[in-house]
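The values are calculated or read from the model by the stated rules, or taken from the named source; none is laboratory data. On a predicted model such as this, the values are computed, not experimentally measured, just so you know. Glycine gets a Cβ as well: all are built from the backbone with ideal geometry, and neighbour counts include every protein chain shown.
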Amino acid sequence: MTTTVAATAAVARDTSQVRRRRRLSPGRRLPAARLVGPVLLLALWAAASAAGRLDPAAVPAPWTVVRTGVHLWTAGTLPTDILTSLRRAASGFAIGLAAGVLLALAAGLSRAGEALIDGTVNLNRAIPTLGLIPLFILWLGIGESFKVAIIAIVVYIPIYLNTHAALAGIDHRYVELAEVQGLSRFAFVRQIVIPGALPGFFVGLRLGVTGSWLGLVVLEQINATSGLGYLMFQAQNYGQSDVILVGLVVYGVFGLVSDSAVRLVERRVLSWRRTLSS
């Protein structure tokens, strides 16, 4: 009788805890839910434009921006600029990603590597990246190379910092367990280091993806002949606010899509980790 009562109490306690977790958790979030905010903002913009609350010369209506975007697309200007921007962003991002991961592993797995790398990276972080533009122009010229290099710097810093922090935060009990089990260096990295660093890596990856687009906006206005930033710069000279908004919308869409892609991969890779956002 006493055993039955104790078992019933334990089941009730477990059920209460599950219900409490479900009440505190926001529940499963659908990817489409992230579009609610942008759609609401678009609706407010359209309503304010229709009511005449916005100056059309300063903030054109959404339908005006759409017409301008369609015109630029059919004329062939927008596709060319988009492809140019994507190529620059992809090149800089790939270099920054590789550099951030390799430097984080070298600094996280070796005391000598940390002594040589960590301080240097943090010094680089303290220097405004856009402030390096004049120096990189002197080193690499005014062409594409310096643009890709600046984007790579913008990308590698958050990836390095977050991955390195995740490596430093790996529980020492796992390290001791690996030593007891006699794991090789390669097995230790594959089974302990990489899984432990993945959460921080994905945080840095999201910041790096966003940073690549932010850097591109500025860089494409410096001695460029194509790209979304160049398109917006030319529109500024002619007072074409609708063209500027087309460029901003495209940048925003690319940023949202790339961030969502990283989040999707993160959920798949880290499916074992339960968080409030999962």
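Numbers for the structure displayed
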{"item": "Count of residues meeting criterion [of a type in the set (Phe, Trp, Tyr) and at pLDDT 90 or above] in region 32-89", "result": "2"}
{"item": "Enumeration of residues in region 53-100 that are hydrophobic (A, V, I, L, M, F, W, C) and closer than 30 Å to Tyr156 by Cα", "result": "Leu78, Ile82, Leu83, Leu86, Ala89, Ala90, Phe93, Ala94, Ile95, Leu97, Ala98, Ala99"}
{"item": "Residue match in region 201-209 (condition: charged (D, E, K, R) and at pLDDT 90 or above)", "result": "yes"}
{"item": "Top-ranked residue in region 156-191 [being of a type in the set (Val, Ile, Thr) and over 24 Å from Gly215 (Cβ atoms); ranked as modelled with the lowest pLDDT]", "result": "Val175"}
{"item": "Sole residue being out of contact with any Phe, Trp or Tyr (no Cβ under 9 Å at 6 or more places or on another chain) and under 19 Å from Asp118 (Cβ atoms), chosen from Gly196, Gly208, Gly204, Gly169", "result": "Gly169"}
{"item": "Inter-residue pairs, beta-carbon under 6 Å, first under 9 Å from Ala104 (Cβ atoms) and in region 148-163, second assigned to a helix (DSSP H, G or I) and of a type in the set (Phe, Trp, Tyr), 6+ apart", "result": "Thr163/Phe201"}
{"item": "Among the candidates Ala104, Ala75, Ala99, Ala115, residue that is more than 22 Å from the chain's Cα centre (by Cα), farther than 30 Å from Met232 by Cα and among the hydrophobic types (A, V, I, L, M, F, W, C)", "result": "Ala115"}
{"item": "Only one of Val175, Val218 that is free of Cβ contacts under 8 Å to residues at least 24 places away in the same chain, surrounded by fewer than 17 Cβ atoms within 10 Å (Cβ to Cβ) and either assigned to a helix (DSSP H, G or I) or of a type in the set (Val, Ile, Thr) (or both)", "result": "Val175"}
{"item": "Selected residue (criterion: surrounded by the fewest Cβ atoms within 10 Å (Cβ to Cβ)) from residues of region 230-257 that are assigned to a helix (DSSP H, G or I), small (Gly, Ala, Ser) and at pLDDT below 90", "result": "Gly252"}
{"item": "Filter pass, Ala57 being outside any helix (DSSP H, G or I), more than 21 Å from the chain's Cα centre (by Cα) and touching a residue at least 40 places away in the same chain (Cβ under 8 Å)", "result": "yes"}
